[in-house]
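Here the structure is laid out as structure tokens; the discussion comes afterwards.
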């Protein structure tokens with residue numbers, strides 16, 4: 001059984017490190033002639049907050065406003081990711097065989113990353129790790145660590161400042 005890398009999922013927030021992690025995935029894709037999928041998961045608003053706003057504003061009005069807002073934010077996020085991809089792809093020494101595809105979803109980040117990885121049948125997940133300190137990880141963990149723990153696919157964690 002040989003190693004294949006045809007599809008790479010890069011899961012990204014829009015932090016300063018986004019460019020580095022996307023470039024890392026694009027470099028892998030160029031070397032292996034793989035398809036890159038760039039995923040951003042927008043967290044959903046806590047239900048208790050939504051309930052409080054719905055009581056004040058009205059559930060129908062809130063639902064309409066929320067749907068409109070989510071669509072606008074998703075489109076702006078897609079555009080930001082396309083801009084980052086364009087900038088980073090221009091820095092590659094090798095050309096990409098396939099143009100990267102972007103997906104933006106709402107939901108819980110770890111579950112959504114794993115669901116998209118399964119749906120696309122990716123061979124690898126590339127994700128950035130953040131240096132947020134021991135206390136943060138002790139109580140909350142991190143998306144990257146949770147994806148690493150729960151995935152049955154190879155996961156590459158790109159630390160801050162890995163690529164220069």
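No lab work stands behind these numbers, since they all come straight from the coordinates. Because the structure is a prediction, the values reported are computed rather than measured. Neighbour counts are summed over all protein chains in view; Cβ atoms, including those assigned to glycine, are modelled from backbone coordinates with ideal geometry.
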**log₁₀ of I(q)/I(0) at q = 0.19, 0.33 Å⁻¹ - region 6-48, Debye sum with one point per alpha carbon** = -0.59, -1.12
**Residues in region 1-25 reached by a label modelled at residue 150 [backbone nitrogen below 18 Å; 7 Å Cα→Cβ]** = 9-13
**Distance histogram for region 7-158 (every C-alpha pair counted, 5 angstrom bins, percent rounded to whole numbers)** = 2, 9, 17, 19, 18, 14, 10, 7, 3, 1, 0, 0
